[in-house]
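Note sheet for the following structure.
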Amino acid sequence: MASISATTDDVSSNSLGMDVPGWRRSLVILILLTGGVKSTLAFTTIVPGLQMIAAEYGGKDPILGAQRLLQFAPFGMALAGLVAGLFVRPKNIRGTMFIALGISCVAGLLPLVVHNYSLLLGSRFVLGFSAVVADVAMTSALAAYFTGALRAKLIGFRQAFSHVGTVLTFAVSGFLMHSYGWRAASLMFIVPGILLVLAFIAFDRPIKDDTTVFVGSFGEKTKSFLSELLNLMPLLILCALMALGHAMPSYQMPFLLRENGITDTRLISFVPSLSAGISILSALIFGFVYARAGWITLALASTAMGIGFIGVGLTTNYYVILSFIVIEGIGAGWTMPFFLAQILDRTVATMRRVAIGLTLSFMFFGQSLNADVTKAIRDQVGLHMAFVVVGIALFVIAAAIALWANTRKPTAGRVFKPDPAA
């Protein structure tokens, strides 16, 4: 944790006090950095078993039916992002974190005992909702404690920790499903329960964040708040579009591999876990790249993802697919840290929780659209060409971002400047 030391410009006045024992400070940081793992479980405990779920529940379109079970967690996540500000308040960040972690644990374990398809959809929605509320609380705590360049680095580290969790849980899911069926992977939702126990120990005092959001007035503050939200909308829409592409390995890869004759859940789980593994390395250097490249970071990420998806769509060889997934993973590791960093750099403390919630909402909304958007494409050109179409779209986005970034005037005093209201 030595790399987390910083000057006072990088550490908020609300940071953990010096009277807090070092072991407790380290535990707080560890929880904040690893908290995203519970959200990855919503995907890693389902994706390797999509073929099994399609066979169990069938329907007119078994692929879409299985993807619906995956899709309902992002639906809950998207809604939670819109309303998280109602739950995560300056005075109850800690309490909300505790409750949301507990609900995530229970909802995630339900597939072990629930077999009704409709009830499973409902439990997945609750899981997604609670996971994002916990994420907003944790990210709000991180943003209250740290500012500037250090905050961007920590966001990159947090993404890297999430990818580590993705790799590990995909591997465990593949093994459990291969040996005991797709429901067995839900056992891993004891992880949010462990995080909850550790959080009770680490957060022994309220998180000091005295900022408030502009609410309850139609005066100048409300107008300013709405104006700030409108300014963020282009960035949030772009976040949703990138997230739609980002979801391709999770939603579509198991069925692409089935068309290639691969049904072993261990082989299926290795593909998205490889993407996550490469993303770990790219996320670790996100702060370095972002500080020097700015918006070009996203153009590079979109290009790498586009190359990866086009390559995947044009081959049927498993090992060639893995090589293109390596390229895709480089871009995937920078995508979501970029949007969180941009949002936190552009918003004052009074908007922080709402902005974080909206970012997560648009991100998961974009992911949830993947099943339906890709179905429309694959019905016309097939699943392999659907990957190619998404890859081409990512190339277009990359070119547009690069053109815009090279012609815009830099906005002074925004990137990596501490927020005086923090």
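Ligands, DNA and RNA are left out, and with a 1.4 angstrom probe the accessible area of the range 217-368 is 35 Å² per residue. Under the simplified labelling scheme, the Asn260-Lys91 pair shows an inter-label distance of 5.6 nm, with each label point 7 Å from Cα along Cα→Cβ.
If you average the sequence gap of Cα pairs under 8 Å that are 6 or more apart and divide by the length of the range 302-388, what percent do you get for the contact order?
Working: 67 pairs, mean separation 31.4, N = 87.
Computed value for the range 302-388: 36 percent relative contact order.
The distance separating the Cα centre of the range 370-404 from that of the range 230-246 comes to 15 Å.
Please report the net charge: other residues with Cβ closer than 14 Å to the Cβ of Val271, K and R +1, D and E -1. Don't jump to the answer; show the numbers that get you there.
Details: positive: Arg258, Arg266; negative: Glu259, Asp264, Glu328.
Within the 14 Å Cβ shell, the charges total -1.
The values are calculated or read from the model by the stated rules, or taken from the named source; none is laboratory data. Please read these numbers as outputs of a predicted model, since none were measured by experiment. Note: ideal-geometry Cβ built from the backbone for every residue, glycine included; neighbour counts use all protein chains shown. Ligands, DNA and RNA are excluded from the accessible area calculation, which covers all protein heavy atoms including side chains. Shrake-Rupley method; radii C 1.70, N 1.55, O 1.52, S 1.80 Å.
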